[in-house]
Amino acid sequence: MKLHEWWPRVSPATRNWLIAHNGEPLTPLVTSEIMSATGGATEPGWWAGDSTDGPHLTDGAVDWIEAIANGEDPPPVA
């Protein structure tokens, strides 16, 4: 599932967290909600994977979220 598809499926609180903490490692709660929205599936267009400090989104996903935060209508992340 693409980022623009799961974005409206997560709670406003999660979307707000992703905007406020854009580029930071995901919390377990945020990760859980994204996985619930996607049925547990990840895609390389938005999922960078785990690191020592937690899971991360890709640079493309971070840019997409920043554009959303700025009131833009960005194209879907590949």
So how strong a dipole does the chain carry about its Cα centre when Lys and Arg Cβ are +1 and Asp and Glu Cβ are -1, to the nearest 20 debye?
-> 260 debye
So what is the relative contact order for the chain, in percent, with contacts set as C-alpha pairs under 8 Å and at least six apart?
-> 36 percent
Mind checking the full-extension length gain between THR42 and ASP63? Use 0.36 nm per residue of separation minus the Cα-Cα distance, one decimal, nm.
-> 5.8 nm
Distance in nm between pseudo-label sites at HIS21 and ASP73 (7 Å out along the Cβ direction from Cα) = 3.1 nm
Label point distance in nm, THR52-THR31, each placed 7 Å from Cα along Cα→Cβ | 1.6 nm
Rg/Rh for the chain: what does it come to with C-alpha atoms and Rh from Kirkwood?
-> 0.91
Please identify, among SER11, SER36, SER51, the residue showing maximal mean-square fluctuation in a Gaussian network model of the chain using a 10 angstrom Cα cutoff.
-> SER51
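Here, each number is a calculation from the coordinates, and none is a lab measurement. Fair warning: this is a prediction, and the values are worked out from it, not measured in the lab. Neighbour counts run over all protein chains shown; Cβ positions are idealised from the backbone, glycine included.
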